[in-house]
Every structure is written in structure tokens, then in C-alpha cells.
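Handing you this structure, nothing more for now.
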Amino acid sequence: MAAAPILGRIVDLRGPRILLASAFVLLLGGYSGMKTIFDSGVPTTSSSISTLTLCTLVLCSYMTGVGGTAGLTSAINTVAKTFPDRARATTTGLVISGFGLSAFLFSTIFRINFAGNPSAFLRLLSLGTSIPMIVGFFFVKPIPLPPSEISEPGRREVRIESTSNNEHDALLVTQDSVPVYLDINNVGSMSQALYIKSVDVYNPVDATRWQAEQVSWISLLNFSGRIFIGLVSDYTKNHFGFPRSYLLVLTSSLFFLSQVMAALVVDDIKHLWIASAMLGLSHGSVASLLPNVCLDWFGMPHFSENWGYLAASPIVAGNLFAMVFGHILDAHDKPLRKASLSTSVMNTCTLGRECYRDALYLTMGACFLSLLLSIWAGWRDQKMRQQNI
């Protein structure tokens, strides 16, 4: 997502075709490069891969990230320019819901057809992610709206303009604070900790199955949340005149509740799906809602660029929380607490929820702060709209 503002600027100025072609090359090249490195393996004369190979692997991973972001940015921009405001959130949710379902789709195909064959799975990813992009290159383009449908209610922006006919206009600051949202990527470690506590004999196959189940719940509810929030936000705006920013309160509340469930309620691997499902629903909802709130606040001319900055905002906070989570989890690791543990997990914490609960207290606080900011943003949005009437 770090490249999102740059990619957004390109699609705002030149349309989606450049990004879709780039996404095809990046995704195909990135996953194919990973497959080649995996197939080559570790040289027989060495105990590890070379620095050059590691750097190449990092580059391939970065290519897949940029390629995925390019495809997502193109999709959101095209939908925003094609559909009127009264249906924009619904159509955006429907289009990008596929991005939320992709993890479930590919993981299911892997388990059914390519279990134990990562090389074949990487080939599937290289083709399954890149081919839709090149198909989109030929068929995806915005359809201009009739003048009667073009409206940008509630638009408020502060611009820094150049002297050359606004060619380099950029929306850099706004009076409204954008609520922070979190993406917690440690459900696998939580699943492992709860599973180890619940069994007498560790079974790596069962442990992997529980982890895969959490991924499936997150992906399915992520998919559902993107559609759900689009329908709700369009309905509340069209029928009651409520700004879409009001629903930031709902998404922030869902995030907060998911952390409460994981930290204070769920203490059994069999019930972790509840917290995973709530996390997926909240993440999908905010991923679908924020582009439309961004468009309502800032307007269409620099929409994808502004959305790019917003999409890149979790990079620092997300990595910071991930490092804090890892530090807390490591602090609870002690050598071989259960004789049944295999050597690969013998230093893993066996205390279940106690292994990571302190980290979730921190994310609960952050989500509660986000909830307060969401309430304030909705209030400010409504106040500004009343002033503009």
C-alpha cells in the first residue's frame, strides 16, 4: 500500500489501463520469481540462501504488493467514475468484495488440489492474480455520467495550487481528522497458543487446520462486510440523508468489539472463530466505506490519490502493533513446557490467551480512540453540511 498515492495519481490523470497492464506484469513476475526461488531451493554447498537470492525474494514480494494495489486502485477509481452517488457505495462494495474473498478462494483451491505442493500453488497465484488484470486492461474503463448525475455533496478541501492552471493541484490537508483503523495480522499466533493449551499431544496437522479456519472466517466475513456496508451506507444516505461518515462509528465499534472478544471472552480454540469473524467483518466494512467517505469529503479530481494516502496510513501503525504483539508473545515463551510439543514449537507459549492478552489491551485502547474520532468526524461532517445548506 506504500505505493498507493503514486498509483492513485496515475489513475486520476491517465485512467486505469496503465495500472492494469503494470499489475499484470508485476503479479506474474513477482509470483513467478518466488516460484523459481522456491524450486531452486538452498544450494547443496550452503546451509542458507545467498544475500542476492534473499534480496530478489524481497523484490518479488514487493512486486506482488504493488501489483495488487494497482489492480485495487484501478477498480475503485473506475467504479467511482461510472456510478452515481446514490449507488456508488453499493457498487464499490460489490466490486472490491472479491479482493476480500481472494484469500479464502486461493487457500481453498490449494487445500483441495495442491496440498503439500507450494510450487504449484505459487504457479496458481501467478496466473490466477495476473490474468484478471490483463483481461481488465481490455475491458475496464469508466463510463462518464450524464451531467444530471454528477454531484459531489459535502465536498470540503484545502488545496495548494501551482501557478500553471492548477495542473499540480494536490489536496494535502483538511480540517477533519481521519479515523485510524487497524489490521491485526496475528490470528495465526493466537490460534497456535490456544491450540497448544487445549491439547495434551500436539498435532501439527490439527494446528494448521485451526489456523486455516481462522483465515477462512476472516476472508469470508471480509467479503461480506464490504457488500454489507455499501448497501447500508447508500440506504441511510438516500433515505435518511445521513452522511456516510456516520457509519465510521459502526465500523470502529466492530473493531473494538472484536478486540474485546479476543482479549476477554475467547479462551478456547473452538471459539476463536467468533473474534476472527468480527475482525473480518469490521475490516471489510471499513475497507469498503472509507473510499466513499474520502470521495464525499474531497471530491473526484484527486480521489484516487487521496484514497492512496488514506490506504497507506496503516503502514506505520500496523507494523508497530505487529512488533508489539510479537514482543509480548516472545516474552511469554519459555523452553518446553509440554513434553508433547515438537521441536518446531517447543519454545512456544502454552498459556493460551495469557500469551497475547496484553497486546490486545493495547489494540482495544487504540480502537476505542478510533471510535471517539469517528463520532467526532461524523458530528463535524453533519455540522459542515448544515452550514453549507
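If you go through region 2-20 one residue at a time, do you hit one that is of a type in the set (Gly, Ala, Ser), open to solvent by 40 Å² or more (accessible area, probe 1.4 Å) and under 20 Å from Ser126 (Cβ atoms)?
The answer is no; no qualifying residue exists.
In addition: State which residue pairs qualify: first residue under 15 Å from Ser216 (Cβ atoms) and surrounded by fewer than 16 Cβ atoms within 10 Å (Cβ to Cβ) and inside region 84-107, second residue at pLDDT below 90 and aliphatic (A, V, I, L, M) in any location, beta carbons under 8 Å apart, and separation of 6 or more residues or different chains.
Ser107/Ala212; Ser107/Val215
Could you tell me which residue of region 108-126 is farthest from Glu213 (Cα to Cα), considering only residues that are assigned to a helix (DSSP H, G or I) and open to solvent by 60 Å² or more (accessible area, probe 1.4 Å)?
Arg123
Moving on to the next point. From the list Thr78, Thr91, which residue is under 30 Å from His239 (Cα atoms), β-branched (Val, Ile, Thr), part of a helix (DSSP H, G or I) and touching a Pro at 6+ places or on another chain (Cβ under 6 Å)?
Thr78
Test Ser258 against the criterion of being of a type in the set (Gly, Ala, Ser) and either under 25 Å from Lys383 (Cβ atoms) or without any contact (Cβ under 8 Å) to a residue 24 or more places away in the chain (or both), and give yes or no.
no
Exactly one condition in (1) more than 20 Å from the chain's Cα centre (by Cα); (2) at pLDDT 80 or above; (3) of a type outside the set (A, V, I, L, M) is false for Ser374; which is it?
Just one mismatch for Ser374, condition (1).
While we're on this one: Could you tell me how many of the residues in region 233-260 are open to solvent by 40 Å² or more (accessible area, probe 1.4 Å), part of a helix (DSSP H, G or I) and out of contact with any Gly (no Cβ under 9 Å at 6 or more places or on another chain)?
Total meeting the criteria: 7.
The values are calculated or read from the model by the stated rules, or taken from the named source; none is laboratory data. Everything quoted here is computed from the prediction, not taken from an experiment. All Cβ positions, glycine included, derive from the backbone under ideal geometry; neighbour counts span all protein chains shown. Surface areas here come from the heavy atoms of the whole protein model, side chains and all, with no ligands, DNA or RNA. Shrake-Rupley method; radii C 1.70, N 1.55, O 1.52, S 1.80 Å.
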